[in-house]
Amino acid sequence: FKMHAGRVISKLLCSGEKEVDLAVQSAKAAFKIWSQMSGMERSRVLLEAARIIREQREEIATLETINNGKSIFEARVDIDISWQCLEYYAGLAGSLAGEHIQLPGGSFGYTRREPLGVCVGIGAWNYPFQIACWKSAPALACGNAMVFKPSPFTPISVVRLAEIFTEAGVPKGLFNVVQGGVATGQFLCHHPDVAKISFTGSVPTGIKIMEMAAKGIKPVTLELGGKSPLIIFSDCALENAVNGALMANFLTQGEVCCNGTRVFVERKILDVFTKEVVKRTQKIKVGDPLLEDTRMGALINRPHLDRVQGFIKQAKEQGAEVLCGGDLYVPDDPKLKNGYYMRPCVLGNCTDDMTCVKEEIFGPVMSILPFDTEDEVVERANNTKFGLAGGVFTRDIQKAHRVVAALKAGMCFINNYNISPVELPFGGYKASGFGRENGRAAIEYYSQLKTVCVEMGDVESVF
């Protein structure tokens, strides 16, 4: 496992079939205890875990920066969202309930909301700690156990989360971490004692996970990729829209699934908007992610950096214009010379049929596309297999609501972008996946409903 400077900092063993089975059996045993506790009892444990994370925010954020390469400034925000997520589901844990339904003649029925059992969480490398919290908090609040597999590129911060849960008082083995790549993931998906799989990652892997889960009729939640539209109307507050476009493209080195990477700009303001975005992008401080004033750290690894560079090269060949950035960046610090750094890139002169506009780059690359009418831009915005997010900048509130209603995307933003409060459900349409994380909605995906029908008179037989 390498850090952002390209140095190996630790070596981890992959979990094989035996280790995966041990993790699942240990989670199964812990589930027996945890699922019998009341919601209020579970709530107290989750609140304690949130408190520990809040207390150790700085240390965990530093670990995450070394783990992933993102700026310490951003890592702190991730850790804050993580403890807030645990706090939110701690608040819901005590209120999970079924309902009572009156039937004729004094008979009645009721529903029980029951946990699923051992759930599997498979995380991505862009928000390692946060994704683990987004998956484990609702799972544990509902009474489940979880076996979590982080990405092999970011294995370390999730182990800290497992320690924190144990410290907070969850039964031993309730949140288990296994390490590894494809093979480890396959063992988890095929394991007969796994009740559900929640995956964050790429579309091709999502397809494979859904196929594997189908063999055991296991429910899945898939949070996959995106190529989201960000629509900038000429009546927007310009500075706000520029800030929105930067937030929609350059957080975590552009390695964000819901990024608004297709920036549609009304032709009237194309030049002034583009000029301002380029000016601001050139000022983004790239470098050592552990320094306070760094705003963009290193990409995840060399193959990924090469892939992003390949997209930029192809964009140029297809006629796009590199307005700024896109080149490799070598920090002054000799310790960082082997790091995976590049300058954030803005592409102009883009058209809808270019590869850089159609495919997810997952790097700091923004494509700017002009448009003329609302109907035209909505149609172009929806012309993609993805449907994770979408954004609109305008001062016309009716237009804003009309456009987001027409967007085929699960997460829409009006006059902001890439803020994800834990109170709101997060997830996609179309190839971006299904199921939801966060909000009350996630409870649906980590529990199952049992209906009980009670007869208070004599059974009437038709025989």
How far, in nm, would the chain grow between ASN383 and ILE101 when pulled straight, counting 0.36 nm per residue and subtracting the alpha carbon separation? 97.0 nm
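Could you please put LEU116, LEU347, LEU291 in sequence from largest to smallest accessible area, using a 1.4 Å probe?
I get LEU291, LEU116, LEU347, largest accessible area first.
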Give the average over all directions of the projected area of the C-alpha convex hull of the stretch 1-71, one decimal, in nm². 6.9 nm²
What does the charge count near LYS385 come to, summing +1 for each Lys or Arg and -1 for each Asp or Glu among other residues with Cβ under 12 Å from its Cβ? +2
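Accessible area of the chain with a 1.4 Å probe: how many percent of it is carbon plus sulfur?
The C+S portion of the solvent-accessible surface of the chain is 55 percent.
Using mean Cβ contacts within 10 Å as the protection proxy, how do 387-398, 153-164 order, highest first?
Averaged packing, sorted descending, gives the order 387-398, 153-164.
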3J(HN,Hα) from dihedral phi, the stretch 14-26, Karplus parametrisation 6.51/-1.76/1.60, rounded to Hz, x for glycine, proline: 6, 7, x, 4, 5, 5, 4, 5, 4, 5, 5, 5, 5
For the pair ASP80 and ASP293, the simple spin-label estimate (label points 7 Å beyond Cα toward Cβ) gives in nm 2.2 nm
Could you provide, to the nearest whole Å², the per residue accessible area of the stretch 229-414 with probe 1.4 Å? 42 Å²
If R0 is 30 Å, what FRET efficiency do you get for VAL452 and ARG44 from their C-beta distance, rounded to 0.05? 0.60
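For the peptides 105-114, 301-310, what is the packing order when you average, over each peptide's residues, the other Cβ atoms within 10 Å and list the highest mean first?
301-310, 105-114
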Only bridges whose two residues both fall in the chain count here: according to DSSP, what percent of them are antiparallel, nearest 5? 35 percent
Expressed as a whole number of Å, what is the distance separating the alpha-carbon centroids of the stretch 321-390 and the stretch 154-178? 36 Å
By DSSP, what percent of the beta bridges with both residues in the stretch 331-460 are antiparallel, rounded to the nearest 5? 10 percent
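Considering only DSSP beta bridges where both residues belong to the stretch 229-414, give the percentage that are antiparallel (nearest 5).
Given both bridge residues lie in the stretch 229-414, the antiparallel proportion sits at roughly 15 percent.
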Reach of LYS268 by Cα under 21 Å, taken over lysines that are not fewer than 8 positions away in the same chain: LYS279, LYS399
Taking amide H positions as placed in the peptide plane 1.01 Å from N, state which residues far from GLY326 in sequence (5 or more) or on other chains have amide H under 5 Å from it. ARG343, CYS345
With DNA, RNA and ligands ignored, accessible area of ASP372 (1.4 Å probe; Å², nearest 10): 80 Å²
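From the P(r) of the stretch 210-286, could you give the percentage of C-alpha pairs in the tail past 15 Å?
On the way: 1832 of 2926 pairs.
Cα-Cα pairs in the stretch 210-286 separated by more than 15 Å: 63 percent.
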Förster radius 41 Å - calculated FRET efficiency between VAL330 and LYS32 (Cβ-Cβ, nearest 0.05): 0.15
Could you work out the helix-only [θ] at 222 nm for the chain, with each DSSP H run of four or more residues adding -39,500 (n - 2.57) and the total divided by the number of residues, to the nearest 500 deg cm²/dmol? -12500 deg cm²/dmol
For the stretch 218-277 and the stretch 402-441, what is the separation of their C-alpha centers, rounded to whole Å? 14 Å
What accessible area per residue comes out for the stretch 100-201, rounded to a whole number of Å², with a 1.4 Å probe? 29 Å²
How large is ³J(HN,Hα), in whole Hz, for each residue of the stretch 373-379 in order, when computed from phi with the Karplus curve 6.51 cos²θ - 1.76 cosθ + 1.60 and θ = phi - 60°, using x for Gly and Pro? 10, 4, 4, 4, 5, 5, 4
In whole Hz, the Karplus estimates of ³J(HN,Hα) for the stretch 450-458 (6.51, -1.76, 1.60; θ = phi - 60°; x where Gly or Pro) are 10, 9, 10, 10, 10, 9, 9, x, 8
Could you give the nm distance between label points at SER202 and GLU460, where each point is 7 Å from its Cα heading toward the beta carbon? 6.1 nm
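Compute the semi-axes of the equivalent ellipsoid of the stretch 229-414, taking the square root of 5 times each eigenvalue of the Cα gyration tensor, and list them largest first in whole Å.
One finds semi-axes of 28, 17, 15 Å for the stretch 229-414.
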Enter the accessible area per residue of the stretch 32-72 (Å², integer; probe 1.4 Å; all protein chains in place). 45 Å²
Inter-site label distance for VAL8 and LYS172 at 7 Å from Cα along Cβ, in nm: 3.3 nm
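The values are calculated or read from the model by the stated rules, or taken from the named source; none is laboratory data. All values reported here derive from a predicted model rather than from experimental measurement. Neighbour counts are summed over all protein chains in view; Cβ atoms, including those assigned to glycine, are modelled from backbone coordinates with ideal geometry. Ligands, DNA and RNA are excluded from the accessible area calculation, which covers all protein heavy atoms including side chains. Shrake-Rupley method; radii C 1.70, N 1.55, O 1.52, S 1.80 Å.
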